[in-house]
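Report on the following structure.
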Amino acid sequence: MDRKGILIVVSGYSGVGKDTLMKAVTARYSQYALSISVTTREPRENELDGREYFFKTREEFDEMIDRGELIEYALFCGNYYGTPKKYVEEQLRRGRDVILEIEQKGARQIKEKVPDSVLVFVMPPDAATLEMRLRGRGTEPEEVIRQRLLKAVEESTYVDNYEYMIVNGDLDKAVEEFHQLVESQHKELDRNLEFAQEIQDELKHLVSVKYPGAE
Ligand code: 5GP
């Protein structure tokens, strides 16, 4: 039985640790492929082109939109972010579960285009932990932290667009919860109709051989 890949959208407040969580998930389980987005944002210190993001100019980004190379894109805090289509399609075809770490406008576009995608929101254990993690990163000026906390309040009004949540308190626990969630999605009957059909055909064949004329 070939398993079809599932498209999983992961969003969460800036600073909630979803990058760390998704990197841990992909390091532990080889069934996942983490999509790398394109962005017009400047690279942060320690970020590498082609690892965290593909860093593009606004013109290059617009060209990708025009050529239909992005499945979704959105403006977030003054910068554009988008998901390259080709990688996602290839990996799904190979049966891998593809993770898109994107914000809520992108998440909605994906759900419209790919209705059997799964939308997951990563929550902090509490608001104070989120602020601490934002500051802990130590790479952003105060104004950016203010912007991101305000953005988090705005984003908190969209969480009902999501289908599942994972609380990222203990990293190890969150990794396991995420993986179990995806595994349970694979068991949905709607995702296994071909297999169900095969079994039905086999059963019919078996009965017709063992009990000829019984139908
Ligand atoms: P950051 O600048 O902190 O790396 O990301 C800012 C926000 O953009 C995060 O919420 C992140 O999930 C989101 N983001 C990253 N890549 C994409 C993408 O390809 N599409 C969309 N819509 N959002 C993205």
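The values are calculated or read from the model by the stated rules, or taken from the named source; none is laboratory data. Bear in mind that the values here come from a model prediction, so they are computed numbers and not experimental data. Reconstructed Cβ throughout: ideal geometry from the backbone, glycine too, with neighbour counts over all protein chains shown. Quick note on the areas: whole protein, heavy atoms, side chains included, nothing else; ligands and nucleic acids left out. Shrake-Rupley method; radii C 1.70, N 1.55, O 1.52, S 1.80 Å.
Each residue in the stretch 3-31 was checked for being touching a Ser or Thr at 6+ places or on another chain (Cβ under 8 Å), within 15 Å of the ligand (Cβ to nearest atom) and among the hydrophobic types (A, V, I, L, M, F, W, C), and 3 of them qualify.
Take the conditions (1) hydrophobic (A, V, I, L, M, F, W, C); (2) open to solvent by less than 70 Å² (accessible area, probe 1.4 Å); (3) modelled with pLDDT of 95 or more; (4) more than 9 Å from the ligand (Cβ to nearest atom); PHE54 misses just one of them, which is (2).
For (1) within 30 Å of PRO125 (Cα to Cα); (2) outside any helix (DSSP H, G or I); (3) at pLDDT below 95, each residue gets a yes or a no:
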position	(1), (2), (3)
VAL159	yes, no, no
ASP172	yes, no, no
VAL175	yes, no, no
SER184	yes, no, no
ILE199	no, no, no
LEU203	no, no, no
VAL209	no, no, no
GLU215	no, yes, yes
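Set side by side, the residues ALA214, ALA152 differ, and just one is touching a Ser or Thr at 6+ places or on another chain (Cβ under 9 Å) and either among the β-branched types (Val, Ile, Thr) or open to solvent by 50 Å² or more (accessible area, probe 1.4 Å) (or both), which is ALA214. Scan the stretch 57-77 and tell me whether some residue there is basic (Lys, Arg) and within 11 Å of the ligand (Cβ to nearest atom). No. Checked against the criterion of being under 29 Å from GLU188 (Cβ atoms) and loosely packed, with under 13 Cβ neighbours inside 10 Å, the candidates GLU142, GLU112 yield just one match: GLU112.
The set of residues in the stretch 53-81 that are within 9 Å of THR40 (Cβ to Cβ) and within 15 Å of the chain's Cα centre (by Cα) contains only TYR81. Within the stretch 15-31, not a single residue is more than 30 Å from MET132 (Cβ to Cβ) and surrounded by 19 or more Cβ atoms within 10 Å (Cβ to Cβ). Residues of the stretch 67-94 that are open to solvent by less than 50 Å² (accessible area, probe 1.4 Å), over 18 Å from MET22 (Cβ atoms) and modelled with pLDDT under 95: CYS77 alone. Residues that are of a type outside the set (Ser, Thr, Tyr) and either in contact with a Cys (Cβ under 7 Å, 6 or more places away or on another chain) or away from the ligand (no atom under 13 Å from the Cβ) (or both) within the stretch 32-44 comprise just one, ALA33.
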